[in-house]
1. Given the conditions (1) in contact with a Leu (Cβ under 6 Å, 6 or more places away or on another chain); (2) in a helix (DSSP H, G or I), and given that Val40 satisfies all but one, which numbered condition is not satisfied?
2. Is it the case that region 46-53 has a residue that's in a strand (DSSP E or B), out of contact with any Lys or Arg (no Cβ under 7 Å at 6 or more places or on another chain) and under 30 Å from Gly32 (Cα atoms)?
3. Give the residues of region 6-29 that are among the aliphatic types (A, V, I, L, M) and either closer than 25 Å to Arg64 by Cα or surrounded by 16 or more Cβ atoms within 10 Å (Cβ to Cβ) (or both), sorted by residue number.
4. Output the number of the condition that Leu58 fails; it satisfies all remaining conditions of (1) of a type in the set (A, V, I, L, M); (2) out of contact with any helix residue (DSSP H, G or I) (no Cβ under 9 Å at 6 or more places or on another chain); (3) assigned to a strand (DSSP E or B).
5. How do the pairs read when you match residues in region 87-100 that are small (Gly, Ala, Ser) with residues anywhere that are assigned to a strand (DSSP E or B), using Cβ under 9 Å and keeping only pairs 6 or more apart or on different chains?
6. Considering only residues that are under 29 Å from Met78 (Cβ atoms) and basic (Lys, Arg), which ones fall in region 1-47?
7. Which one is surrounded by the fewest Cβ atoms within 10 Å (Cβ to Cβ), of the residues in region 30-46 that are among the aliphatic types (A, V, I, L, M) and modelled with pLDDT under 95?
8. Looking at Ser49 and the list (1) in the same structural domain as Val105 (by TED's automatic domain parsing); (2) loosely packed, with under 12 Cβ neighbours inside 10 Å, which single condition is not satisfied?
Amino acid sequence: MKELICITCPRGCHLTVDEELKKVTGNSCNRGEAYGLQEVLDPKRVITSTVTILGADLKRLPVRCDKPISKKLMLDVMKVLDTVTVKSPVKCGDIIVKNILGTDVNIISSRDL
């Protein structure tokens, strides 16, 4: 059993998640149940980082995932991003790395440079 506080709405319900039975208690809405199961079984996060950019005023371009990615893959994603170099100009929202590590998650630019 794991205990956590739900962050999907302002209520902040105290959830108890049974990993074996895949059951959530303490939630006031369906979103809390989905959040609790996701957070315990396969937690995901949005990664923010920077990559090297050539031909711009700055040397690093801020990037992020376009949707959450499994926490298990975070270090592998960061290793890939460490090798990425792009050329200016880049617009905010441009795809920098498509389908990173076969996850159907894209790395996109967070700024125009």
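The values are calculated or read from the model by the stated rules, or taken from the named source; none is laboratory data. A quick note: this is a predicted structure, and the numbers were derived from the prediction, not measured. Counting neighbours? That spans all protein chains shown, and the Cβs are built from the backbone with ideal geometry, glycine included.
1. Answer for Val40: the failing condition is (1).
2. yes
3. Ile7, Leu15, Val17, Val24
4. Leu58 satisfies all of (1) of a type in the set (A, V, I, L, M); (2) out of contact with any helix residue (DSSP H, G or I) (no Cβ under 9 Å at 6 or more places or on another chain); (3) assigned to a strand (DSSP E or B) except (3).
5. Going by the 9 Å Cβ cut-off, the qualifying pairs are Ser88/Ile53; Ser88/Leu54; Ser88/Leu61; Gly93/Ile108; Gly93/Ser109.
6. Lys2, Lys44, Arg45
7. Checked region 30-46; the qualifying residue surrounded by the fewest Cβ atoms within 10 Å (Cβ to Cβ) is Leu41.
8. That leaves (2) as the condition not met.
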